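Here is the structure we will look at, set down as structure tokens.
The values are calculated or read from the model by the stated rules, or taken from the named source; none is laboratory data. Computed from a predicted structure; not experimentally measured. Cβ: placed from backbone, ideal geometry, glycine included. Neighbour counts: every protein chain shown. Surface accessibility is based on the protein's heavy atoms, side chains included, excluding ligands, DNA and RNA. Shrake-Rupley method; radii C 1.70, N 1.55, O 1.52, S 1.80 Å.
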Amino acid sequence: MSGGSLGIRSGSYGSLDKQLQNGVLPIQFAGRKKVGLLLLCAISAAIFVWVLYLGKDEVQEIYNVPIPKVNDSLPLNNSRSPLINGVQNISIHNLTYSPVDAEGSEVPPPPSYFLGYTLPAEHPCNTFTLPPPPADKKRTGPRPCPVCYLPVDEAVALMPKVPSFSPVLKNLTYIYEENLNKETEFGGSNFGGYPTLKQCDDSYDIRESMNVHCGFVKGTKPGHGTGFDIDNSDLLEMEQCHGVVVASAIFGAFDNMLQPKNISKYSEQTVCLYMFVDEETKSDLETEHGLNESKKIGLWRIVVAHNLPYANGRRNGKAVSDARFSLWIDGKLQLLADPYQILERFLWRKNATFAISRHYIRFDVFEEAEANKAARKYDNASIDFQVDFYKKEGLTPYSEAKLPITSDVPEGCAIIREHVPISNLFTCLWFNEIDRFTSRDQLSFSTVRDRVAAKTNWTVNMFLDCERRNFVVQKHHKGVLAMLAQMAPPAISPPPPPLSLANIPPRKSSLEIASVSPKHRRDWRVGSR
């Protein structure tokens, strides 16, 4: 079934499902330019194992740190919309338990959980319907659409003080086995290990405590002897970041580093922005921008990764420290909205722990596979093998029967998440599929999502592609920019100045022309040569 039958197909916004057009007008609008880029794909989940090494007590302590109150003197981003006076009255729901068991005995109270909140009924975001895309016949491709963001101080005030509920799974441990026989196991790598098919299948049997194979756990600690090694100074910096992280990566000097825009002063002071690079990209940045002891270029802290485990840059992907919340954006994307506004809109307000946009035109994995083959994104035999494998495991074409799931194909260049056990498990299992099959992450996404959902009530918030294009904009890769520069037409020299009338000889009169000697005149008689 084609995606077009599921909703309105617009030449501007891309696919807009009718059943989801009930709520997004921006109080303020972010930039609106074309974006794109599939995931660099892959080490993502692996690098989110920092929580494992810090221990449960410290993690719980992190979650209980009170959120600082934002006051009028705090410099925030410029928002011309009025603050909503009733925001402090929004009910933020936390699940708590009685410290007394069924027999009346006191027991230690379990931690409370964030269960979402509801904006006031009169809030502008509750009354907005998505406007039709601008009527521009010359521009038929996908474009941004309005998104309802709260002002930064209101978003910060709504930041959950406790973690979200993780259904079923409470304790997650990552493992790496040195003695697995890679000659006989099905897929894998030295970085992620070589789990057997049975071990992979068991990792979807979600229980309260689980041990799963994942990348980045080889070695003494994350970043040491893992195959994605990070300098001690950078590790120390990352270990101090426990709140919100924005992360990106550029490998092989493939992209220009883009500075975020519309970032509030509060976010500049409290959000960690990490740009992961390899040594080649570091040298390139030093030449272009210079790199001092602070290792910062603009808002980005540059983190150099050594001994990358993959030749494929898409697999050498996302890296984030032990943060509560993270926003990943691909290297050729520029951030155009404040991180707290993005988190509030796509996670907290939706009571979600993982958010990703859907593909702007394709909903079905089988269609996505054919598109990848036609574009030669990967060798056809490997794509066919992966899709056939998933088909035997139960993968079916997307249809309306899957609603309220709106798509099986994500646009993974921007990922928003809260790091709780269930979302960390999903990211790790998604990485494992990319590690043993192709790097085309869209092909494995729905299989992992649906198998996790089958054991829990957890799912992914898949928002509109045009909403993603609201907070990130895509730029060309460096190679494309160089090619466009070569293809540019040569500069046209300015025309010579007009001749002065004084230098122009006077035109001869007809009498003067008639008096020209016959030997200087051409003979126009018929038959003449």
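What part of the accessible area of region 423-464, given as a whole %, is carbon or sulfur when the probe is 1.4 angstrom? Reported share for carbon and sulfur atoms: 44 percent.
Each peptide in 416-427, 158-169 receives the mean, over its residues, of other Cβ atoms within 10 Å, and ordering these scores from highest gives 416-427, 158-169.
Rounded to the nearest 0.05, what FRET efficiency do residue 127 and residue 351 have when you use their Cβ-Cβ distance and R0 = 25 Å?
In this case the efficiency is close to 0.75.
So if R0 is 22 Å, what FRET efficiency would residue 138 and residue 261 give, r being the distance between their Cβ atoms, rounded to the nearest 0.05?
Details: r = 26 Å, r/R0 = 1.18.
Efficiency computed from Cβ-Cβ geometry: 0.25.
Projecting label points 7 angstrom from Cα along Cα→Cβ for residue 307 and residue 283 puts them 2.1 nm apart. A Förster radius of 56 Å, combined with the Cβ-Cβ distance separating residue 208 from residue 487, puts the computed FRET efficiency at roughly 0.45.
Of the listed pairs 138/261; 182/455; 161/296; 265/296; 170/455, which have alpha-carbon separations greater than 20 Å here? Working shown, then result.
Working: 138/261 28 Å; 182/455 30 Å; 161/296 30 Å; 265/296 17 Å; 170/455 14 Å.
The pairs that break the limit, which is 20 Å between Cα atoms, are 138/261; 182/455; 161/296.
Amide H to amide H, which residues 5 or more places from residue 116 or on other chains are under 5 Å from it, using H placed in the peptide plane? Those qualifying (amide H under 5 Å, at least 5 residues apart or on another chain) are 93. Of the GluC sites (Glu not before Pro) in region 272-302, the ones in a loop by DSSP (not H, G, I, E or B) with at most 15 other beta carbons within 10 Å are 293.
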